1. Whenever you get a sec, line up Phe62, Phe38 from highest to lowest accessible area (probe 1.4 Å, protein heavy atoms).
2. Along the Cα→Cβ direction, 7 angstrom out, place labels at Gln179 and Asn71. What is the inter-label distance in nm?
Amino acid sequence: MPTTAPRPIAEIHAARKLMLAGRPRDALRRIASFQMPFATLHTVRGECCYVLGQWADAVREFESALRLSPNSPRAEILLMLASEMLELSRTMRPATNITQSIASAEPGIVAPMMPRPVIDRNKLSKEEPSESVDEIGLVSETLAELMIRQGKFDEARKVYIQLSRLNPDQYEYFREQMQKLDEQI
């Protein structure tokens, strides 16, 4: 005759499945009445509270789990995360955008509109790469430096050109980088 898990353990595992399925409230209801000294029970309750944004309850549950099972890395990590979220929730204000912040600071002040940088197409036409940004992929200054170290100077130049297009306000900087590259060759 196969042995079956005791009801509380089966319920705890079922609650964890509910929590992982995105139903933390149902999971908490399922195990709310249990008052057993199981570290797993407290960990699952803590996870549900964490997902629901109930940071203080999550911290309390993870601490209980660690008292019962001091070597539980999962409970340790989750306790640390829940504690950080609890601290953040105590120090943060409701989110507002910059326009609302400026308007609330001094009535009558309107947030300035940032002008779009003007790109001189004549300067760029000489340096037209044969590949588009999509063909090169993600571009960064670090990528260009790696290509230079590998001796792929043409590819590095293309990356600098794409960076100057993506960041027109830094055009002169990338132009200087291309000149340094030309000097190295």
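1. Phe38, Phe62
2. Label at Gln179, label at Asn71, 6.4 nm between them.
The values are calculated or read from the model by the stated rules, or taken from the named source; none is laboratory data. Since this is a predicted model, take the numbers as computed values, not measurements. When we count neighbours, we look across all protein chains shown, and the Cβ atoms used for this are built from the backbone with ideal geometry, even at glycine. Accessible surface is based on the protein model in full, side chains and every heavy atom, while ligands, DNA and RNA are left aside. Shrake-Rupley method; radii C 1.70, N 1.55, O 1.52, S 1.80 Å.
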